[in-house]
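So the structure is just underneath, and the comments pick up after that.
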Amino acid sequence: MISLQYKHFHLFLISFLVIFYHRHKTNQTLVGELDGVNNIFTISDTILVSTEQIFSNGILQKKPDDYNISGSVVTFTFSPNTNENLTTHYIKQ
């Protein structure tokens, strides 16, 4: 017989995984003008603080060396070129 504690933990774990799955976003494109001059881009959702991973052409960028973030606004320390692919993984708030 399964204990009541185990049932509660199991329900908690399933609930957590369902919520996490729906809030975890991968390969989301940053929004902004790719023109070699602009360095400010946005993430389309409000994100959970410090859960972002920012990529430029598949290479993980380092905070604060390559970018800073405030809310859903990403400011790069460089101006991405027109052919760069800027993506992010994050947990939605």
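The values are calculated or read from the model by the stated rules, or taken from the named source; none is laboratory data. Note that the structure is predicted; figures quoted are calculated from it, not measured. Virtual Cβ from ideal backbone geometry, glycine too; neighbours counted across all protein chains shown. Remember, those area values only see protein heavy atoms, side chains included, never the ligands or the DNA or RNA. Shrake-Rupley method; radii C 1.70, N 1.55, O 1.52, S 1.80 Å.
Quick notes
- The strands (runs of 3 or more DSSP E) found entirely in segment 40-93 that carry 1 or more residues being over 19 Å from ASN27 (Cβ atoms) and either open to solvent by 40 Å² or more (accessible area, probe 1.4 Å) or at pLDDT below 95 (or both) are 40-42, 67-70, 73-76.
- Pairs linking a residue in segment 67-85 that is closer than 12 Å to ASN57 by Cβ to a residue that is among the small types (Gly, Ala, Ser), with Cβ atoms under 9 Å and 6 or more positions apart or on different chains, are PRO80/GLY32; PRO80/GLY36; PRO80/SER56; ASN81/GLY36; GLU84/SER56; ASN85/SER56; ASN85/GLY58.
- Only listed residue being modelled with pLDDT under 85, open to solvent by 80 Å² or more (accessible area, probe 1.4 Å) and among the charged types (D, E, K, R), chosen from LYS25, LYS7: LYS7
- Of all residues in segment 23-39, those being farther than 18 Å from ASN85 by Cβ and either part of a strand (DSSP E or B) or of a type in the set (Gly, Ala, Ser) (or both) number 1.
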